[in-house]
Amino acid sequence: MKISYQLNTAAHLIAGITIGLTGFFAFLMHAHIAESSGDSLPGYFPVSGGIICLLTGWNTLGNRPGFGGMASIASGLRAMIFSIMVCCALFGLYYIYLALLQGLYLDPFRALFDWFRISFEFFIGTISAEVWVIIILGGAISGRITGMANYSWR
């Protein structure tokens, strides 16, 4: 079985940085909206979301960036939405991990269902016009810039 390795290119770097920054600003806006509505999110929420988005942007958008057209914009939107969903799943898993350390769950199936519930609540919390404008515009711009970097790299 032959395993093909792909070298890191400028598209990987640009994709990671732009998707990471977009994720940081989207989660920063989400934390601001949650704070103004009376909820509280931890202070590490935007930074850790930006780091997770950087890593997923490097892997998803960096591997298939297109060459600067509409395919690049669609790849950027796909990578951004995937990054937000991965962040929500990891934040939910972290909260369940903290609850398990405190001994709040005796049934593993309840912990699993609560993980899905908490992750879904994080995702539902991002549904606001301000956050999704950042996600859609940032994903489209990230895809376009990454596509141009991929085109100029070859």
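The values are calculated or read from the model by the stated rules, or taken from the named source; none is laboratory data. Note that the coordinates shown come from a computational prediction; the quantities given were computed from them, not determined experimentally. Because the Cβ atoms are built from the backbone with ideal geometry, glycine has one as well, and the counts that use them run over all protein chains shown.
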Legend entry - Flag if Gly38 is outside any helix (DSSP H, G or I) and touching a residue at least 60 places away in the same chain (Cβ under 8 Å): no
Inset, instruction - Would you mind stating whether Gly92 is in contact with a Gly (Cβ under 9 Å, 6 or more places away or on another chain), buried (at least 18 other Cβ atoms within 10 Å of the Cβ), assigned to a helix (DSSP H, G or I) and modelled with pLDDT of 90 or more? - result: no
Inset, instruction - Being in contact (Cβ under 8 Å) with a residue 40 or more places away in the chain and in a helix (DSSP H, G or I) narrows it down to one of Ile145, Ile118, so name that one. - result: Ile145
Legend entry - Given (1) within 17 Å of Leu13 (Cβ to Cβ); (2) at pLDDT 90 or above; (3) over 16 Å from the mean Cα position of the chain (by Cα), number of the condition Gly143 does not satisfy: (3)
Inset, instruction - Look at Tyr151 and say whether it is among the aromatic types (Phe, Trp, Tyr) and part of a helix (DSSP H, G or I). - result: yes
Legend entry - Looking only at region 61-73, and only at residues there that are in contact (Cβ under 8 Å) with a residue 24 or more places away in the chain and assigned to a helix (DSSP H, G or I), the one that is surrounded by the most Cβ atoms within 10 Å (Cβ to Cβ): Ser72
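Do you know which of the residues in region 1-33 that are in a helix (DSSP H, G or I) and at pLDDT below 85 is farthest from Glu130 (Cα to Cα)?
Going through the qualifying residues, I end up with Ala10.
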Inset, instruction - For region 101-124, enumerate the residues that are closer than 29 Å to Gly20 by Cβ and of a type outside the set (Asp, Glu). - result: Leu101, Trp115, Phe116, Arg117, Ile118, Ser119, Phe120, Phe122, Phe123, Ile124
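Kindly indicate which of Ser36, Ser75, Ser48, Ser40 is modelled with pLDDT of 80 or more and closer than 22 Å to Trp115 by Cβ.
Ser48
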Legend entry - Filter result (polar (S, T, N, Q) and surrounded by fewer than 21 Cβ atoms within 10 Å (Cβ to Cβ)) within region 129-154: Ser152
